[in-house]
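Let me begin by presenting the structure, written as structure tokens, before commenting on it.
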Amino acid sequence: MVRDIPELRRIAKELRLDVLEMTTKAASGHPSSCFSAVEIMVALYFGGILSYNPRDPFWEGRDRFILSKGHAAPLLYAVL
């Protein structure tokens, strides 16, 4: 589902808050690494770029995403 810009901005803000909460509660992590990737992840997962179905994670036609920036893992957790 492709969303409009204000909705994508709202999602990005929510993800930043989720990441900040996760890393603060864990007293560990790199929130700045996550924050620098938020817009990319929002575009991929919520902007209609990445083809995936969260209800069917083994769908053969899904796109694959490999996060090589390990310090941004909390962001991926928040997205999923």
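The values are calculated or read from the model by the stated rules, or taken from the named source; none is laboratory data. Every value quoted in this text rests on a predicted model; they were computed, and no experiment measured them. Here Cβ is always computed from backbone atoms with ideal geometry, including for glycine, and neighbour counts include all displayed protein chains.
Would you mind stating whether GLY48 is on the phi > 0 side of the Ramachandran plot and touching a Pro at 6+ places or on another chain (Cβ under 9 Å)?
Taking the combined requirement at face value, the residue does not satisfy it.
Among the numbered conditions (1) surrounded by 14 or more Cβ atoms within 10 Å (Cβ to Cβ); (2) free of Cβ contacts under 8 Å to residues at least 40 places away in the same chain, the only one that LEU75 does not meet is (2).
For segment 1-49, filtering for residues that are in contact (Cβ under 8 Å) with a residue 40 or more places away in the chain, more than 16 Å from ALA73 (Cβ to Cβ) and either part of a helix (DSSP H, G or I) or among the aromatic types (Phe, Trp, Tyr) (or both) leaves 1.
Since GLY47 meets every condition but one in (1) at pLDDT 95 or above; (2) surrounded by 13 or more Cβ atoms within 10 Å (Cβ to Cβ), which condition does it not meet? The number of the failed condition is (1).
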